[in-house]
Amino acid sequence: MTKGAPPVLQIDDIHKVLGGKEILRGVSMTVDKGELKILIGPSGGGKSTLLQCINFLLPPDQGRIFLEGHEVHFHKKAELYQFRQHVGMIFQDFNLFDHLNALDNVSIALRKVKKIHKAEARERAYHELERVGLAEKMDLYPAELSGGQKQRVSIARALAMDPKVLLLDEPTSALDPDIIGEVLRVIVELARSGMTMIMATHQIGYVKSLTDEILFMENGRIIERGSPEKLLHPDINTRCRGFCEMLNDLIREP
Amino acid sequence: MDWDFYGRLLIPALNDGLWISILLILPSASGGLALGILTGTIRTFGSPWLKRIGNIYAGLFRGTPLVVQLFILYFGLPNLGIYLSPYMAAVTGFILCSGAYQSEYIRGGLLSIKRGQLLAAKSLGFSSMGSVFWIILPQAMRRAIPGCGNEIIYLIKYSSLAYIITCIEITGQARDVAATYFRFTESFFVAGLYYLVLVSLAGIALGKLEKKLYIPGFGWHL
C-alpha cells in the first residue's frame, strides 16, 4: 500500500439503537487495503449490527462512514446504491436468491444493477463460480445445493461485483463442522489474494495467521483491539483470549 | 332427446353467451391479476400513503357486494356524466373486484419471502424497487399461484353477474331461453355445464402454468 492513501473504509463513531436498546455505542475503525479484520465477541455484542450498519442495511443513528476517503451520504439513494456495489456482504444464512440457479444468482446483479450485457455477465459469473470451485453446479438451484456450496455461491455473487471490501457476517456459523473447511479455504484464498475484509467469526484458528487485527466487541463497543499475537498471547490476560479459550473448552468437552 | 329445444334453441343461445363470457373473463382475469400484483406490492412495500390508498381500495371492493359495485358503475356513473356500455361496466367492475382479492393473495406471497432475500439484493446495490421486482416478486408469485388461480376460477363464475346489467352472457342467455319457453331446469342445468367446462379448462391451464414455473425449493412437484 502506498503511504498516504486513504483507508478503504473508515468508520467513525457509529451508534445504533434497535428496539429501544443501544446496540452500538460509538464504534470506530479503519480498514486499509488488503487487510483482514476479525470481529469477535459474545453474541448480542453488536457484531452483526455493526456489519449491517456499514453498508446501511441498518442506517446508523449517528456516525460517519468513508469509502476511500469520501464520506458516504446514505440519504442520497443513488450514492447509497453505488456504495453498496463496492461493499460485498456475506450473510450467515447465505440468502441466495431461491428462484435463481447458481449462475443467475451470481449474474443477476451484474445484469440488473451494473447493466452488463447478458452474455458477458454469464461469462463473468461462470468465472466467479469457477473460482470458488462450483462451475459444474451452475445449473442447480439453492434448494439443490449443500450449505457449504450455498455459501461459496454467495461469495462468488459478492465477488462478481468487484467489491473494494467484503463484509462477512459469521459465514460459517450455519454450517455443519465437516463442511466449514470448504468455505474457510475460499476465504483464506481471498485473504491471500489481497481482498480487504471484515469478518465476524468464532472460527478464529484458521485465519489467525492472516489476520491483521482482531476487534473484540462487547455491549456495543470495541473493548480490545490488536494483532492476534498481542490479543491471544498466552502471557497476557485479555478479555479476548478468555473468550477464545472458553470457545475452545466448549468444543473440547465430550 | 328434444332436438328442437336443445339443438335449435338452447345450445346456439348459450354459445352466443359463451363468446361474451369469454370476452368478459379474459380481460377481467388478466387485468385483475395485474392490478392485484400492483396493489399487493404497494400494500406490502409502499410508502405509508400509498399503502393507505391501497388498503382503502381493497377494503372497499372486498367489503361491498359485486352486484352493488356493478350497479354503481352502470346505473350510478351516468349521474356523473360517465356512460359505460354494459360490457365495459362489467369488465371494469370485475377487474376492480378481482384486483382487490388478488392483491391479498399476492400480499400473502410477498410476506412469505424471508427478509434476507431483500437484504441480499440491497447489499448488491439493487434499488428498493429493483429488489422487489427482480428478487421478491418472482418468488412471491410462485407461492401465490394457487390463491390467484382460485380467484380466477371464482371470477369465471361471478362473471355471470354481468347479465344483471344487461350484458347477456351464458347465464343471461339461459335465463332468456328459460323464461320464454318456461324450461328452467334444463336451461340452467346446461348453463351450469358450460361453466363447469370453463372452470375445468382454467384449472388445467393453471396446473400447467404451475408446473412450467416450478423451481426446486418451491413446492413438491415431481
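What follows draws every value from the coordinates through simple rules; no lab data is involved. From a predicted model like this one, the values you see are computed outputs, not experimental measurements. For neighbour counting, all protein chains shown are included, and Cβ atoms are generated from backbone atoms with ideal geometry for every residue, glycine included.
At a Förster distance of 30 Å, what's the computed FRET efficiency of B:R8 paired with B:I204, Cβ-Cβ distance as r, to 0.05?
Working: r = 31 Å, r/R0 = 1.04.
So the FRET efficiency works out to roughly 0.45.
Taking the Cβ of each residue in A:R64, B:R62 as the centre, tally the other Cβ atoms inside 10 Å and list the residues starting with the fewest. Let's see the in-between values first.
Values: A:R64 15, B:R62 12.
Going from least to most buried by this count: B:R62, A:R64.
Restricting to bridges with both residues inside the protein assembly as shown, how much of the DSSP beta-bridge set is antiparallel, in percent to the nearest 5?
Details: 20 of 36 bridges.
Looking only at bridges with both residues in the protein assembly as shown, the antiparallel portion is about 55 percent.
By per-residue mean of other Cβ atoms within 10 Å, what is the highest-first order of A:191-197, A:162-168?
On the way: A:191-197: 16.7, A:162-168: 21.4.
Result, highest mean Cβ count within 10 Å first: A:162-168, A:191-197.
Under a Cβ-only charge scheme (Lys and Arg +1, Asp and Glu -1), can you give me the dipole magnitude of segment A:9-252 about the Cα centre, in debye to the nearest 20? The partial results should precede the final answer.
Working: 32 positive and 34 negative charges, 123 e Å.
Once rounded to the nearest 20, the dipole reads 600 debye.
Hey, quick one: spin label on A:I236, modelled 7 Å out along Cα-Cβ, who in segment A:1-34 has an amide N within reach, i.e. under 20 Å?
Answer for segment A:1-34: A:28-32.
So how strong a dipole does segment A:135-174 carry about its Cα centre when Lys and Arg Cβ are +1 and Asp and Glu Cβ are -1, to the nearest 20 debye? Please report the intermediate quantities before stating the final value.
Details: 5 positive and 6 negative charges, 16 e Å.
My answer is approximately 80 debye.
How large is the Kirkwood hydrodynamic radius of segment A:161-238, counting all unique pairs of alpha carbons, in Å?
On the way: mean 1/r = 0.0726 Å⁻¹.
Across segment A:161-238, the inverse of the average 1/r is 13.8 Å.
Go through A:K77/B:K211; A:K164/B:K51; A:K16/B:K122 and tell me which ones have a Cα-Cα distance over 27 Å in this structure.
Values: A:K77/B:K211 39 Å; A:K164/B:K51 37 Å; A:K16/B:K122 19 Å.
Violating the 27 Å Cα-Cα cut-off are A:K77/B:K211; A:K164/B:K51.
For chain A, what relative contact order do you get, as a whole percent, if you take Cα pairs closer than 8 Å and at least 6 residues apart? The partial results should precede the final answer.
Working: 461 pairs, mean separation 64.7, N = 254.
Computed over chain A, the figure is 25 percent.
Can you give the mean number of other chain Cβ atoms that lie within 10 Å of the Cβ atoms in peptide A:104-111? Can you show the working numbers first?
On the way: counts 0, 1, 0, 0, 5, 9, 1, 1.
Counting Cβ atoms of other protein chains within 10 Å of each residue's Cβ and averaging gives 2.
Would you be so kind as to identify all helices of chain B, as entire DSSP H runs, whose Cα atoms reach 30 Å or more along the helix's own axis and whose mean Kyte-Doolittle hydropathy is at least -1.0? Can you show the working numbers first?
On the way: long enough: B:11-45 (49 Å, 1.24); B:86-111 (37 Å, 0.63); B:184-212 (42 Å, 1.00).
Membrane-span-like by this criterion, though nothing is claimed about a membrane: B:11-45, B:86-111, B:184-212.
Compare the Cα positions of A:T49, A:P6, A:P177 along the charge dipole of chain A (+1 at Cβ of Lys, Arg; -1 at Cβ of Asp, Glu; about the Cα centre) and return the one farthest towards the positive end.
Farthest along the dipole direction, towards plus: A:P6.
Projected onto the charge dipole of the protein assembly as shown (+1 at Lys/Arg Cβ, -1 at Asp/Glu Cβ, origin at the Cα centre), which of B:L84, B:A144, A:I187 gives the Cα projection farthest towards the positive end?
Going by the charge dipole, the pick is B:L84.
I need two numbers for segment A:1-151: Rg to one decimal and Dmax as a whole number, Cα atoms only, in Å.
Reported Rg and Dmax, both Å: 17.7, 48.
Enter the Cα centre distance for the pair segment B:141-171 and segment B:85-111, rounded to the nearest angstrom.
10 Å
Chymotrypsin sites (Phe, Trp or Tyr not before Pro), restricted to segment B:172-222: which are DSSP loop and have at most 15 other Cβ atoms within 10 Å? Write out the running numbers ahead of the final one.
Working: sites: B:Y181, B:F182, B:F184, B:F188, B:F189, B:Y194, B:Y195, B:Y214, B:F218, B:W220; in loops: B:F182, B:Y214, B:F218, B:W220.
Within segment B:172-222, the qualifying chymotrypsin sites (Phe, Trp or Tyr not before Pro) (loop, at most 15 other Cβ atoms within 10 Å) are B:F182, B:Y214, B:W220.
How much of the pair distance distribution for chain B lies past 34 Å, counting alpha-carbon pairs only, in percent? Don't jump to the answer; show the numbers that get you there.
On the way: 6508 of 24531 pairs.
Percentage above 34 Å: 27.
Would you work out which of B:L23, B:L60, B:G217 lies farthest towards the positive end of the dipole of chain B? Charges go on Cβ: Lys and Arg +1, Asp and Glu -1.
Result: B:G217.
Quick one: grab the alpha carbon gyration tensor of segment A:9-252, order the square roots of its eigenvalues as a ≥ b ≥ c, and give me rounded if a/c is under 1.5, else prolate or oblate depending on whether a/b is larger than b/c. Walk me through the numbers on the way to the answer.
Values: a/c = 1.89, a/b = 1.28, b/c = 1.47.
Taking the square roots of the gyration eigenvalues as a ≥ b ≥ c, segment A:9-252 is oblate.
I'm checking a number: the convex hull volume of the Cα atoms of segment B:103-180, normalised per residue, in Å³. What is it? Write out the running numbers ahead of the final one.
Values: hull volume 7.6 nm³, N = 78.
Taking only Cα atoms, segment B:103-180 has a hull volume of 98 Å³ per residue.
Apply the Debye scattering formula to the protein assembly as shown, with a single equal point scatterer on each alpha-carbon and no solvent, then give log10 I(q)/I(0) at q = 0.12 Å⁻¹.
Log10 I(q)/I(0), no solvent term: -1.04.
Among A:H233, A:H117, A:H202, what is the fewest-to-most ranking by other Cβ atoms within 10 Å?
Working: A:H233 13, A:H117 10, A:H202 19.
Ranking A:H233, A:H117, A:H202 by Cβ neighbours within 10 Å, fewest first, gives A:H117, A:H233, A:H202.
What is the antiparallel percent of DSSP beta bridges lying wholly in segment A:9-252, to the nearest 5?
Numbers: 20 of 36 bridges.
So the antiparallel bridges in segment A:9-252 amount to around 55 percent.
Suppose a student asked you for the relative contact order of segment B:23-129, using Cα pairs under 8 Å spaced at least 6 residues apart; what percent would you report? Intermediate results must be reported in sequence, preceding the final value.
Values: 106 pairs, mean separation 47.3, N = 107.
Relative contact order, segment B:23-129: 44 percent.
State, to one decimal in nm, how far the label point of B:R52 lies from the label point of B:L77, with both points 7 Å from Cα in the Cβ direction.
2.7 nm
Quote the charge dipole size of segment B:80-222 about the Cα centre in Debye, to the nearest 20; the model charges only the Cβ of Lys and Arg (+1) and of Asp and Glu (-1). Provide the component values of the computation, followed by the final result.
Details: 12 positive and 6 negative charges, 140 e Å.
Charge dipole, segment B:80-222, about its Cα centre: 680 debye, nearest 20.
Which whole-angstrom value gives the distance between the alpha carbon centres of segment A:202-252 and segment A:38-71?
Spelled out, the Cα-based centre of one part sits 20 Å from the other.
Rank the residues A:F74, A:F91 as a footprinting-exposure proxy: fewest other Cβ atoms within 10 Å of their Cβ go first.
Details: A:F74 17, A:F91 24.
In increasing order of surrounding Cβ atoms, one gets A:F74, A:F91.
Could you tell me the relative contact order of segment B:3-212? Use alpha-carbon pairs under 8 Å, at least six residues apart, and round to a whole percent.
On the way: 240 pairs, mean separation 60.3, N = 210.
Relative contact order for segment B:3-212 comes out at 29 percent.
Students often check this: by mean Cβ neighbours within 10 Å, which of A:222-229, B:155-162 ranks highest, and how do the rest follow? Don't skip to the end; give the middle numbers.
Values: A:222-229: 16.2, B:155-162: 21.4.
In descending order of packing, they fall as B:155-162, A:222-229.
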